[in-house]
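J.: A single structure is presented below for examination.
The values are calculated or read from the model by the stated rules, or taken from the named source; none is laboratory data. It should be emphasised that the depicted structure is a prediction, and the values quoted were computed from it without experimental measurement. Glycine gets a Cβ as well: all are built from the backbone with ideal geometry, and neighbour counts include every protein chain shown. Just so you know, the surface numbers come from the protein's heavy atoms only, side chains and all, with ligands and any DNA or RNA stripped out. Shrake-Rupley method; radii C 1.70, N 1.55, O 1.52, S 1.80 Å.
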Amino acid sequence: MKVKTSQAKIGQMLVQDVFSMTNQPIVNKNTVLNSEHLRVLTRFNIEEIDILHDSGLNPNSMKENTAAPAAKQEEKTSVQLNKEDIPSFPSMYLQTVKRYKQLFTNWQSGSPLDMLEVRQAVLQVLEEGSNFPREILLLHHYATSTDYIYHHAISVGILSTFLAKKLNYSNGDCIQIGLAGVLSDCGMAKVQPTLLKKRGALSPAEFDEIKQHTIHGYNMLKKIPSIKEGVLLGVLQHHEREDGSGYPLKVLGSKLHPFSKILAVADVYLAMTAERPYRSKQSPFKVLEMMMKDQFGKFDHQVIRALLSGLSTFSTGSRVKLTNQEVGEIVFIEESQPTRPMVKLDSSGEFIALKTRNDLFIEELLS
């Protein structure tokens, strides 16, 4: 039966997956609701859910709650406070993407970049989003292939701010790094619009033009009196690599600004997890592994460690979905391989050691 989310109770069971602006459920069917599930549903502005009729707390539990109505009322009040006091991050994020898209369109039309406008548009989402690692793990769900460039800008800003905090930068520098992330692809506004929307592989000549966006972005920003050197160099250098294999100048890591090293990691992680016109999205945890192994030596190892520790937010008891769509519970985590824990599957009770299954990855963190 369908009920309003605000009236849902702990212990009730979902009979349908709950989706928001995501391709994957934010809460799966057959989940027995707890206070964390209700908090997530509230944050995603889910107004109505489908629960099993007569499901809920067992009679003994109900009896205990009857004997202690104050405790029951406290739990109910807690959920109501979440709804009233916690702003919806997804709606904040999507509104910011919409505002950035308008700014980007103005730049394409020849309008100068106004840093005050940019700050006003993105500051709140940078500060809020960087405090919630699990929200960052969901960012790749929001982006669409058609609006990828706008989603990517805001996501890079959020993740860059988060990584800066993990690396113990000052609050002021965290915001500057976040702004550099948002503006890292502002130079795309000076690239032919048809290239930004092209489906399929770019020709060498087209890719060369795309690579000019870092220089275009630098030129758009360098005349702004208030711009910080770190922001300017972060935009110019975010496609450079530690081993000198990047662009536009093939600068080695020893000569790269620290801001650009953070942006480089955030940019690649989010590009690999998002849906693109020519490629489907990939598991965040698969991408983390690829960045640690396949691209070793290209990124600053301290920033990679911050990304890994910051986004591996699950612990023993966490529920996850695997890339084969099986759902289970984490029962053991090896410190040396935090993205490959041991999982007990719900369907069969089988224990899967992901460190021995290179064909499987964690797709989603459920709770």
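J.: If one takes the longest principal axis of the Cα atoms in the chain, at what angle in degrees, from 0 to 90 and to the nearest 10, does the Cα axis of helix 69-85 lie?
T.: So the inclination is approximately 20 degrees.
J.: Another question, if that's okay. Which value results when the Cα radius of gyration for the stretch 146-272 is divided by 2.2 N^0.38 Å?
T.: Ratio of Cα Rg to 2.2 N^0.38 Å: 1.01.
J.: What is the percent of Cα-Cα separations in the stretch 89-201 that go past 23 Å?
T.: The proportion of pairs with Cα distances above 23 Å equals 27 percent.
J.: Continuing with this model, one more query. Would you kindly find the accessible area of residue 243, with a 1.4 Å probe and non-protein molecules such as ligands, DNA and RNA excluded, rounding to the nearest 10 Å²?
T.: Accessible area of residue 243: about 70 Å².
J.: Determine the principal axes of the Cα atoms in the chain, then give the extent along each, sorted from largest to smallest and rounded to whole angstroms.
T.: Each principal axis gives a Cα extent; for the chain these are 69, 45, 40 Å.
J.: Just grab the label-to-label distance for residue 147 and residue 348, each label 7 Å out from Cα along the Cβ direction, in nm (one decimal).
T.: Rounded to a tenth, the inter-label distance reads 4.1 nm.
J.: How much length is gained on full extension from residue 195 to residue 207, taking 0.36 nm per residue of separation minus their Cα-Cα distance?
T.: Stretched fully, the residue 195-residue 207 segment lengthens by 3.4 nm.
J.: Averaging over every viewing direction, what projected area does the convex hull of the Cα atoms of the stretch 213-367 cover, in nm²?
T.: If I average the Cα hull's projected area over directions, I get 10.9 nm².
J.: Where only protein heavy atoms count, and the probe is 1.4 Å, what is the accessible area per residue for the chain in Å²?
T.: Spelled out: the 1.4 Å probe surface of the chain, per residue, equals 49 Å².
J.: Here is a further query. Cα atoms only: what Rg and Dmax, in Å, come out for the stretch 316-356?
T.: Using the Cα atoms of the stretch 316-356, the pair Rg, Dmax is 9.3, 28 Å.
J.: Can I ask one more? Hey, what angle do you get for helix 133-142 against the long axis of the chain, alpha-carbon based, 0 to 90 degrees rounded to 10?
T.: 70
J.: Of the heavy-atom accessible surface of the chain (probe 1.4 angstrom), what whole percent is carbon and sulfur?
T.: 51
J.: Next question, about the same structure. Given the DSSP H assignment, sum -39500 (n - 2.57) over each helix run of at least 4 residues in the chain and divide by its residue total; what's the result at 222 nm in deg cm²/dmol, nearest 500?
T.: -15000 deg cm²/dmol, from helical runs alone.
J.: Here's something else I'd like to know. Please state the relative contact order of the chain as a whole percent: Cα pairs under 8 Å, 6+ residues apart?
T.: 12
J.: Compute the helix-to-body angle for 115-129: its Cα long axis versus the longest principal axis of the chain, expressed 0 to 90° and rounded to tens.
T.: Tilt of helix 115-129: around 30 degrees.
J.: I've got another one for you. Using a 10 Å cut-off on Cβ atoms, rank the peptides 200-207, 165-172 from the highest mean neighbour count down.
T.: 165-172, 200-207
J.: What would the Debye formula give as log10 I(q)/I(0) at q = 0.17, 0.30 Å⁻¹ for the alpha-carbon point model of the stretch 91-149, no solvent?
T.: Values returned for q = 0.17, 0.30 Å⁻¹ are -0.64, -1.28.
J.: Further question on the same structure: Hey, in the GNM for the chain with a 10 angstrom Cα cutoff, which one of 322, 249, 139 fluctuates hardest?
T.: Taking springs between Cα atoms under 10 Å, the residue moving most is 249.
J.: Using a 1.4 Å probe on the protein heavy atoms only, what accessible surface does residue 99 show? Give it in Å² to the nearest 10.
T.: The accessible area comes out at roughly 100 Å².
J.: Further, regarding this structure: So, by mean Cβ neighbours within 10 angstrom, what's the order for 175-184, 127-136 with the highest one leading?
T.: 175-184, 127-136
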